[in-house]
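The values are calculated or read from the model by the stated rules, or taken from the named source; none is laboratory data. These figures come from a predicted structure and were not determined experimentally. Counting neighbours? That spans all protein chains shown, and the Cβs are built from the backbone with ideal geometry, glycine included.
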Amino acid sequence: MLEKVKEAELRLEELDRELSAPEILSNQEKLLSLLKERKEIEPIVQKYKEYCKAESDLAEADRVIKDAEGDPELQQMAEEESRACRATLERCLAELRLLLIPHDANDDKNVILEIRAGAGGEEAALFAADLYRMYYMYAVSRGWQLELLSQNPTELGGFREISFLVAGTAAYAHLKYESGVHRVQRVPRTESQGRIQTSTVTVAVLPEAEEIDIRIDPSDLQVETLKSSGAGGQHINKTESAIRILHKPSGIVVFCQEERSQFKNRDKAMRMLRTRLYERETEKQQGEIMRTRRSQVGTGDRSEKIRTYNYPQSRVTDHRIGLTLYQLTSFLNGNIGPMIDALRLADHESAWKGQQNFEN
């Protein structure tokens with residue numbers, strides 16, 4: 001791993017030389033490409049420098065420990081410094097492993113998350129709302145923006161389905177591992193005898209497509225305006241602001257009614273359509289590498305799951321990597337970073353082993 005880091009350090013020096021050349025200013029395309037590459041490499045080199053400093057400080061602290069015989073106070077201070085340096089080295093190594101994860105072309109994209117209640121009726125819908133809140137709080141903690149696209153709420157405050165956009169640096173790189181069936185085991189609010197019920201919610205994570213990714217011929221669209229549905233009373237929308245778009249060649253249908261403005265609803269619906277078309281096109285190009293929504297979420301059956309949230313034991317288990325955390329409340333409050341980091345590392349190690357087997 002450290003060999004790759006040293007290669008990155010040499011490449012950064014080479015990039016700085018290329019960027020300092022006067023002729024680069026006349027080639028904007030190459031300039032932007034070099035700046036993008038530098039932005040990706042620089043954090044690796046900075047973390048490596050921190051690692052090297054901790055390594056040097058550790059050697060000095062260990063030297064002082066040996067030379068401080070007969071001076072208990074100085075020896076104690078050096079031992080504390082040594083322990084702190086070792087902890088820094090471990091942290092830097094863990095962070096370098098994450099920084100060296102191979103870059104996916106979609107990693108820098110925003111994402112559209114689609115959460116749907118699966119098996120379990122109203123209880124599944126209520127847990128869909130819990131997951132929406134969890135992702136909302138995680139997004140806020142990372143400084144990302146969240147924009148609601150569509151929702152189908154229930155009377156008890158759950159969601160039959162809800163779609164939203166998460167916009168921020170490397171959103172897809174972190175959230176792509178959330179695709180699949182999420183299983184919850186708890187006593188439902190409506191259960192009077194205290195029996196535990198198992199329900200499921202499906203999550204699909206799609207990289208948001210930009211206009212440059214997908215070109216849509218307006219003649220391929222069938223656009224309908226509808227009256228928005230709501231809770232009634234003052235919330236009833238008497239104007240036809242909801243938008244339903246059918247993409248005739250693919251048969252994909254999108255619907256949006258979250259905004260009072262027909263124009264805004266149409267814009268959101270087009271973003272959803274573009275993303276779904278991009279997913280379909282990417283699937284054709286990369287086959288199994290980019291799974292379809294169906295392969296992400298399966299049928300929603302209780303036996304299909306990537307993760308289990310067990311309330312009685314206050315635990316959350318990710319079945320793909322066998323990791324269990326006994327911090328369910330914190331996890332549902334958006335502290336999902338440690339789980340996502342573990343999934344990213346496992347994915348990286350799997351890809352690395354696959355490459356090694358291929359080369360052998």
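Data for the structure
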quantity: Residues of the range 169-208 that turn out to be surrounded by fewer than 21 Cβ atoms within 10 Å (Cβ to Cβ) and in contact with a His (Cβ under 9 Å, 6 or more places away or on another chain), as a count; calculated: 1
quantity: Check on Thr198, polar (S, T, N, Q) and under 31 Å from the mean Cα position of the chain (by Cα); calculated: yes
quantity: Strands (runs of 3 or more DSSP E) contained entirely in the range 107-194, each with at least 3 residues that are at pLDDT below 90; calculated: 145-153
quantity: Boolean, Leu12 is free of Cβ contacts under 8 Å to residues at least 40 places away in the same chain, touching an Asp or Glu at 6+ places or on another chain (Cβ under 8 Å) and within 30 Å of Lys176 (Cβ to Cβ); calculated: yes
quantity: Matching entry among Leu100, Leu113, Leu96 (being touching a Lys or Arg at 6+ places or on another chain (Cβ under 8 Å) and crowded, with 19+ Cβ neighbours inside 10 Å); calculated: Leu96
